[in-house]
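What follows is calculated from the coordinates using simple rules that are stated; it is not laboratory data. Because the structure is a prediction, the values reported are computed rather than measured. For neighbour counting, all protein chains shown are included, and Cβ atoms are generated from backbone atoms with ideal geometry for every residue, glycine included.
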Amino acid sequence: MSHSRIDRVEQTLKEVIAAKLASYSSLFSGALVTLVRVSCSPDLKNAQVFLSVFCSDESDCESEVFEQLEDRRVQLQHEISKKVRMKFCPRIKFIKDGSIDKLVQVSDVLNKNQDS
């Protein structure tokens, strides 16, 4: 199985970003942030980081988490440029991953149909 350069860069970015997110865990009080995947543009100048956020209480802490990450985006890109040898450091964009929400919706529908 051959891996393209984009796949290798995505995996490397995922590892570096995940390590940095782990160090930010104290900032996300009451939230569990999971890095789902990283997707790079073909020219490797842009990277979309897909995250899922679970809040421990009923409050909507997702927006706070994404604001905090956006505030630290430049710092994270600097960290990437130090650890990953590339001509250009990709510009990071944080995106909410909706696959978990869809999974929960499907599970709710199935549970509802079983109860009927």
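Observations on the model:
- Simple spin-label estimate for GLU15 and ASN111 gives 3.8 nm between the two label positions (7 Å along the Cα-to-Cβ direction from each Cα).
- Within the chain, the proportion of C-alpha pairs whose separation exceeds 22 Å stands at 41%.
- Relative contact order for region 5-115, counting Cα pairs under 8 Å that sit 6 or more residues apart, in percent: 27 percent
- Toward the positive end of the charge dipole of the chain, with +1 on the Cβ of Lys and Arg and -1 on the Cβ of Asp and Glu, the farthest Cα among VAL36, PHE88, LEU76 is that of PHE88.
- Estimated dipole of the chain in Debye, rounded to 20 [Cβ of Lys and Arg +1, of Asp and Glu -1, Cα centre]: 1020 debye
- Footprinting exposure proxy for LYS102, LYS14 (fewest neighbouring C-beta atoms within 10 Å first): LYS102, LYS14
- Contour minus Cα-Cα distance for ASP57 and ASP7 (0.36 nm per residue): 14.4 nm
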